[in-house]
Each structure stands twice: as C-alpha cells, then as structure tokens.
1. I'm trying to understand the selection: among the residues of the range 206-222, which are in a loop (DSSP other than H, G, I, E, B) and either surrounded by 15 or more Cβ atoms within 10 Å (Cβ to Cβ) or of a type in the set (Ser, Thr, Tyr) (or both)?
2. Condition test on ILE161, is it aliphatic (A, V, I, L, M), under 25 Å from GLY246 (Cα atoms) and not assigned by TED's automatic domain parsing to the domain that holds GLY19?
3. Inspect the range 122-135 for any residue being touching a residue at least 24 places away in the same chain (Cβ under 8 Å), touching a Lys or Arg at 6+ places or on another chain (Cβ under 6 Å) and of a type in the set (Val, Ile, Thr) and give the result as yes or no.
4. Regarding the range 180-189, can at least one residue be identified that is touching a residue at least 40 places away in the same chain (Cβ under 8 Å) and not assigned by TED's automatic domain parsing to the domain that holds GLN49?
5. Which residues, counting only those in the range 155-205, are farther than 23 Å from PRO220 by Cα, of a type outside the set (A, V, I, L, M, F, W, C), touching a Ser or Thr at 6+ places or on another chain (Cβ under 9 Å) and part of a loop (DSSP other than H, G, I, E, B)?
6. So which residues in the range 231-255 are under 12 Å from PHE202 (Cβ atoms), in contact with a strand residue (DSSP E or B) (Cβ under 7 Å, 6 or more places away or on another chain) and part of a helix (DSSP H, G or I)?
7. Take SER93 and decide whether it is assigned by TED's automatic domain parsing to the domain that holds MET141, among the polar types (S, T, N, Q), under 29 Å from ASN150 (Cα atoms) and surrounded by fewer than 22 Cβ atoms within 10 Å (Cβ to Cβ).
Amino acid sequence: MVGKLILKDGSEFQGTSFGFEQPRSGELVFSTGMVGYPESLTDPSYEGQILVSTYPIVGSYGVPDKKYWESDRIHVSGLIVSQYIDTPSHFQSQITLSEWLKKEKVPGLVVSDTRYLTQKLRDKGAQLAKIIFSTSTSLSMNFDDPNKKNLVTSVSTPRIIKEGNGNKTIILIDCGVKKNIVRSLLTRGVKVITVSWDFDIFSLKEKIDGIIVSNGPGDPKMCDITIETVKKTMVKKIPLLGICLGNQILALAAG
C-alpha cells in the first residue's frame, strides 16, 4: 500500500508500506547507525518518535531473539527507510522486520529521499510528523506532540527489581533504561536495584553506593519527582551518574 509521511511544515514524502498500515503521529528524528535497528526500535528513548534511518539498507539481517532487544517491545511510533530488504540472511534471524512491525502494530514506510529528509531535520531540528494511508481518518489526524506528555511513566518499571550479588549496591532509577545498561553493570560485579522514576530510593534498607539515572524519552522537566530525588542525593554526596535523559535531569537538579 502507498503511504505518506507528512511533516507539520507541510512537506510530504510518498512511500511504500512494509509495516502495519495504521496512521501514526509523533516527533520525527533520525538515527545514523549502520547496524542495530532492533536495538534502536526497542530503545525506550524513542517512545513517541518516528525514526528515520540514514543507512540506506534496512532489514537485511532480520530480527533476532527478544533477549537481544533493549526492552520488551518496539517503542518507535513509525519507521522510515530508504530501502527495505525482505529476505534477511543471518543465523540469529527469527522473523523479518516487516513481520515484526506488523506484529507490534508499528507502521513502516520506504521513502526514497531519506538523505534530503535527514538534512532537513539536521538543519531545522526534529519536528512533528505523521504517517498516513489513503483513508479520510488518516488525513484528518492531528499532529501529536509527545513532549507534552510524561512519557517516562509509560516506560518505567512499576516494581523494584534486584539483580546481582556484588558488594557494592547501585540504585538504577528507571526512566526508560536499556537492558544493555543493566547487563553491563552486572558484568562488573555489582548489585543493581532498579526502581521506578518516582520511587523514594531513601526508603530502601540497603546501603547505597551509587545512583544512576537512566536514559529515557521526552522532556526531562516532566520528571519532577526524579529531579527532587537527585537534589536530595547531591546533598547526601552519594556518587551520581546520568545517562542521556538522566544527564539532563542531573543538570536541572543542579540548577
């Protein structure tokens, strides 16, 4: 089916569908990675965003087992590529990218001029966009601004997760953490306690040796409770590390 990518500034890019055929709106951004689309698509930091891949060939190695993903589901609102390969060749491939997108109800479009699209985003910054198909419902769909929502609430863990048996205890405030961050910490022999973005970490009985505020989606100002937690941590002089969104939260807490 033919679809369209429409930007809020009025630009239109016609494409061919290879994913789930349902209109979707979000913030349009791009990724320059040559490999790693399964990791990018499952990165919670992309929640609410339509992702443009600058690398021209996508899908050539299919989709691996879930244990290689960065989370349990696709988080992007849509995927834009220049060329889609539907015949993957990789020993870990389990399904095609097209099958995965359809299974998770995420639209995908092949748009020939992704290079121009990327230059546009580079020069003018991320902007709102929507993927539509030939229905009246699609045409009337509004541009949704994900940054007006607290997206962290939809990607943060709802429970306390304790992993590892090290002598040092790291509190990981989950604002949309990637699984590889947890794996990397565990391989370094520490105990990791993952908590939600709004959890009172000082109610824990464990001695805290360090705190990490993870990556995540959206506007860091929405994470007001996390910002207050970081302020208290700074007063207590506990070692702190922020990753991506977490780094922005640290900056806001520091004033």
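The values are calculated or read from the model by the stated rules, or taken from the named source; none is laboratory data. Since the structure is predicted, the reported quantities are computational estimates derived from the model, not experimental observations. A quick note on method: Cβ atoms are made from the backbone with ideal geometry, for glycine too, and the neighbour counts reach across all protein chains shown.
1. To start, the set of residues in the range 206-222 that are in a loop (DSSP other than H, G, I, E, B) comprises 206-209, 214-219.
Hits for the range 206-222 are ILE208, ASP209, SER214, ASN215, GLY216, PRO217, GLY218, ASP219.
2. Answer is yes for this residue.
3. Yes, the range 122-135 has at least one match.
4. Filtering the range 180-189 down to residues touching a residue at least 40 places away in the same chain (Cβ under 8 Å) leaves 180-181.
From what's left, not assigned by TED's automatic domain parsing to the domain that holds GLN49: 180-181.
Checked the range 180-189: at least one residue is touching a residue at least 40 places away in the same chain (Cβ under 8 Å) and not assigned by TED's automatic domain parsing to the domain that holds GLN49.
5. none
6. THR233
7. Working: assigned by TED's automatic domain parsing to the domain that holds MET141: yes; among the polar types (S, T, N, Q): yes; under 29 Å from ASN150 (Cα atoms): no; surrounded by fewer than 22 Cβ atoms within 10 Å (Cβ to Cβ): yes.
No.
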